[in-house]
Every structure is written in C-alpha cells, then in structure tokens.
Amino acid sequence: CAVNPGPVRTERWAGLVAAMSRDMKLPHEEADKLAPASIPLGRIAEVEEVANLVVMLASPLMHMVNGTQIEIDGGQEKALMDRLRDRR
C-alpha cells in the first residue's frame, strides 16, 4: 500500500508557504490560504491524520488491503490551486 498525502501542516509546509509568499509577492497569510482554498474541507491535513491512516493500514484489521494507493488530501483539486496561484 502507498499513502499519498496532499498538503500537510509540517515544517516543510511552512517553508513552502514562505517561498510562495516571497516568490508571488503575497502576504504570508494569503499564501497560506492558497492550498486550503483548493480543498473542499477548507484546510490542509494535520500530521496526526496521515499517521492515523498509516497505523490503520499497518493494523491486522487491514490485512486484506494491499496493492493500492490511498490519497489523503481532503479532495484537493490541484488545478484549482494552480489557477488561484496563476491569477496573480
């Protein structure tokens, strides 16, 4: 099994937001809203949410689940995030 996370609130995410803010000449707060605006749930994932999925997949309850990739991105539409970014 593979877990394919979308944006997750980590130190890496903080660095990406800082780079987007700098490169796009946006206030930090506005750059931090780009990804959540492209996610139907309205927020990015937390580390614990990704960890919970991994733990579940590793548990005996999931012994019949194999050979699949599971997205954990809140239904993010990357094309929407790109459009939001490119409108600048």
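The values are calculated or read from the model by the stated rules, or taken from the named source; none is laboratory data. These figures come from a predicted structure and were not determined experimentally. No Cβ is skipped: glycine too gets one built from the backbone with ideal geometry, and neighbour counts run over all protein chains shown. Just so you know, the surface numbers come from the protein's heavy atoms only, side chains and all, with ligands and any DNA or RNA stripped out. Shrake-Rupley method; radii C 1.70, N 1.55, O 1.52, S 1.80 Å.
Output the residues belonging to the range 38-57 that are in a strand (DSSP E or B) and touching a residue at least 40 places away in the same chain (Cβ under 8 Å).
Within the range 38-57, just Ala45 meets the criteria.
Among residues belonging to the range 42-88 that are among the hydrophobic types (A, V, I, L, M, F, W, C), surrounded by 12 or more Cβ atoms within 10 Å (Cβ to Cβ) and at pLDDT below 80, point out the one that is nearest to Pro5 (Cα to Cα).
This residue is Met81.
Return the residues of the range 1-37 that are open to solvent by 70 Å² or more (accessible area, probe 1.4 Å) and either of a type in the set (Lys, Arg) or touching a residue at least 60 places away in the same chain (Cβ under 8 Å) (or both); say none if nothing qualifies.
Scanning the range 1-37 gives Cys1, Arg9, Arg12, Arg22, Lys25, Lys33.
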